[in-house]
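For reference, the structure is listed below as structure tokens.
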Amino acid sequence: MTTPTTDHQAAANTAGSGGLRLDDVTLTLGDGDAAVTALDHVGLTVTPGEFVAVVGPSGSGKSSLLAVAGGLQRPTSGTVHLAGTELTALSDKERTAARRRHIGFVFQQSNLLASLTVREQLLLPLHIDGRLDAAARARADELVEAVGLTHRAGSRPHQLSGGERQRAGLARALMASPAVLLVDEPTSALDRVRSAEAVRLIAEQTHERGTATVMVTHDTAIMDAADRVHEMVDGRLS
């Protein structure tokens, strides 16, 4: 597995300060006899510039881990700290604002908007947030180039390959310079070669931009690009 270089650590010091920390997090779903423990006293710390992979079979709790880490769901107990802020102590409105400003999501499916070009996909969130300016447009162009899609900047999703759509989704997730990047099964729709390329790109962008990145996957063949690997079984993280 790779280890961030000094240059990567320097990037970490200037971006995503604080990283991600889950302390003794438990998530119970349902009530009574139907209750299921999706996360069982999970502890995880991811520092800025670090790429952590969490592997495990379907139903092991990986998606629940991302939901709690990303502020989409409150844990039953325990705390989540994001970029130096206790996410679990925030109101729903405050948590939504923190998620929009500090967290980038890369989904199994790219979830790109069919009517928008690659470049427009990146600009839309900042337009909605009232932060679309010349600097934002320059950053969009930089990210499109970083993921190798400059020649596709004016293309719409139906004109892209699966790998290109995944790269566009990664660029969009990085657009707001998130402190934390959460990646859900990014290679499920890709072949082996494109899967390896996608994960290498995530690792590269993590180190260069100083994000604290967590990728969940069931694919053990793509773990070599990660700095650290954990296994999740029955809601417990090794």
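FYI, it's all coordinate maths here, none of it is from the lab. This one's a predicted model, so the numbers in the text were calculated from it and none came from an experiment. Positions of Cβ are backbone-derived with ideal geometry, glycine not excepted, and every protein chain shown enters the neighbour counts.
Numbers for the structure displayed
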read-out	value
Taking V55, V25, V229 and counting other C-beta atoms within 10 Å, the order from fewest to most	V229, V55, V25
Calculated diffusion of region 117-236, Stokes-Einstein form, Kirkwood radius summed over Cα pairs, 37 °C and 0.692 mPa s, µm²/s	217
Residues R209, R131, R99 arranged by fewest to most Cβ contacts within 10 Å	R131, R99, R209
Over 17 Å [Cα-Cα, region 104-176], rounded percent	33
Fraction of alpha-carbon pairs over 24 Å apart in the chain - percent	44
Coarse-grained scattering of region 186-238 at q = 0.18, 0.25 Å⁻¹, given as base-10 log I(q)/I(0) from a Debye sum over alpha-carbon atoms	-0.62, -1.05
Fraction of antiparallel bridges per DSSP, the chain only, in percent to nearest 5	45
Long-range amide H partners of E231 with built H, under 5 Å	V55, S238
Virtual spin-label span in nm between T150 and E120, 7 Å along Cα→Cβ	2.3
Relative contact order (%) - region 120-238, alpha-carbon pairs under 8 angstrom, separation at least six	21
Amide H contacts under 5 Å for L181, placed H, 5+ residues apart	G104, A212, T213, V214
Relative contact order %, the chain, counting alpha carbon pairs below 8 Å whose residues are six or more apart	35
Peptides ranked, highest mean first, by Cβ atoms within 10 Å: ranges 113-119, 173-179	173-179, 113-119
